[in-house]
Amino acid sequence: MTHTPAQEALWATLRLKRPVMWINPYLGERPLGWAPTQAERSAAQARFARCEPLLAALFPELAACGGKVESSLAPAPALQHAMDRQGATGQAWFIKRDDSLPVAGSIKARGGFHEVLALAEALAETQGLCAKGNPLLLASSEARSLFSHHTIAVGSTGNLGLSIGTMAAALGFQAVVHMSVDAKEWKKQRLRARGVRVVEHAGDYAQAVAAGRAQALIEPRCHFVDDENSKMLFLGYAACADHLAMQLAQAGRPVGASRPLCVYIPSGVGGAPGGIIHGLKALFGEHVHCFIAEPVASPCMLVQIASHSSRPLSVYDIGLDNRTEADGLAVALASQLASPLMQAQLSGVFTVTDDQLFDQLLAVKQATGIDLEPSAAAAVDGPVRLIESSEGMQYLHRHHLEPGKATHVIWATGGALVPVQEHQRFQQRALTQAASRNTHA
Ligand SMILES: *Cc1c(COP(=O)(O)O)cnc(C)c1O
């Protein structure tokens with residue numbers, strides 16, 4: 001594939017593995033691929049709503065909140081103070097706490113639960129069980145024995161596997177999770193303890209997905225949840241928008257022309273942030289500005305969008321190695337389902353080094369007490385990157401966006417299930433690298 005001189009220059013910059021802020025010049029173009037309809041978005045929201053009693057019955061953690069798969073929106077003035085020392089972003093930083101979504105402990109609860117529930121409803125219907133009228137039928141012995149003859153498989157670096165595997169097993173499905181080398185041991189153990197079959201693969205995330213997809217094709221009655229292509233996952237993420245709008249209104253910050261919203265979300269294959277951004281764009285239009293964060297070694301969405309082509313282009317193709325501690329973000333090739341939509345809806349991408357991930361993880365811990373996993377800390381300095389980079393300033397200017405008037409939502413994407421010793425290891429790494437910077441300064 002031939003690239004323009006501007007693209008070649010961008011690839012060369014990315015190869016330096018220094019953090020960049022890249023503004024998407026294609027924002028507002030008509031998306032060339034699939035775009036969900038309003039009916040599809042509403043159907044996903046309705047599915048979550050009607051399954052609330054089922055989820056409350058299946059999981060004690062969800063009984064407390066009536067089966068709502070939702071997270072809180074936490075004001076973060078201390079984090080704002082720690083990160084934005086000039087106070088240029090006003091006093092309106094919030095953390096969206098998807099790191100503490102019930103049962104799955106990550107943003108993957110949204111997409112993953114939605115796809116498993118949709119499959120369960122569809123299968124039940126083929127057997128004459130009308131679960132749409134009464135979702136508790138999905139937990140009946142009749143439904144369980146039906147599901148026990150079906151397999152749900154997924155390829156994952158970890159969190160999607162946790163989400164899908166846990167929900168599938170709870171409903172009585174056979175569950176298989178194909179994991180890449182970088183998947184953490186504790187995630188595999190947790191899944192096995194729930195009766196999920198974990199298959200380990202030597203390759204990267206995409207290879208684990210490919211292996212799972214191939215296996216599912218030859219296995220009878222097997223549904224493969226395809227993180228690179230799934231509309232059901234995407235719609236589950238997109239269902240977040242109305243609830244966030246309500247939370248912002250309750251916080252005294254309803255979104256509109258005088259109160260624009262800026263969101264910052266870590267991105268791996270792009271399905272989770274893509275779905276969320278799509279849902280927010282559908283609701284708030286030009287009043288929401290969406291940025292994603294990617295590791296310097298794995299900026300797959302940036303590369304795909306900047307190529308301005310429907311042909312897949314991976315970070316390997318431009319000479320990057322996809323090696324990062326952010327296991328959920330170690331993805332070389334962006335979702336070909338999400339990237340065309342993101343090309344039309346994303347305001348920009350900023351990249352972060354692994355050292356920054358750990359610095360930010362520690363900053364969040366110290367300012368708020370929240371324990372994030374490294375991937376989930378990727379977007380934490382988004383508001384600062386927007387106001388302090390020349391690219392960000394140009395964006396603000398072009399969109400007549402005053403950062404002091406905007407509401408800044410940092411999407412925290414995972415962490416609640418991570419064992420305490422792991423969290424301590426993350427914080428220790430941050431402290432060690434800070435100390436070594438001080439001795440070398
Ligand atoms: C999956 C995940 C992401 C990114 O979602 P993608 O759909 O892979 O882009 C971000 N953070 C965490 C913690 C995740 O598990």
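The test for being surrounded by fewer than 15 Cβ atoms within 10 Å (Cβ to Cβ) and on the phi < 0 side of the Ramachandran plot does not hold for Ala57. Just so you know, in the range 187-203 the residues that are of a type in the set (Lys, Arg) and more than 21 Å from His150 (Cα to Cα) include one that is surrounded by the most Cβ atoms within 10 Å (Cβ to Cβ), and it is Lys187.
Assessment of the range 152-165 against the conditions (surrounded by fewer than 18 Cβ atoms within 10 Å (Cβ to Cβ), modelled with pLDDT under 95 and in contact with a helix residue (DSSP H, G or I) (Cβ under 8 Å, 6 or more places away or on another chain)) yields no matching residue. Among helices (runs of 4 or more DSSP H) entirely within the range 156-224, having at least 2 residues that are more than 21 Å from Val418 (Cβ to Cβ), within 23 Å of the chain's Cα centre (by Cα) and within 16 Å of the ligand (Cβ to nearest atom) singles out 205-218.
Per the listing Ser375, Ser335, Ser298, the residue uniquely closer than 24 Å to Pro75 by Cβ and not assigned by the TED database to the domain that holds Ala208 is Ser375. Consider the range 258-285 and keep the residues that are part of a helix (DSSP H, G or I) and of a type outside the set (Gly, Ala, Ser). The one that is farthest from Val349 (Cα to Cα) is Leu283. Residues of the range 233-247 that are among the aliphatic types (A, V, I, L, M), surrounded by 20 or more Cβ atoms within 10 Å (Cβ to Cβ) and not in a loop (DSSP other than H, G, I, E, B): Leu233, Leu235, Ala238, Ala241, Leu244.
The values are calculated or read from the model by the stated rules, or taken from the named source; none is laboratory data. For clarity, every value in this text was computed on a predicted model and none was experimentally measured. Positions of Cβ are backbone-derived with ideal geometry, glycine not excepted, and every protein chain shown enters the neighbour counts.
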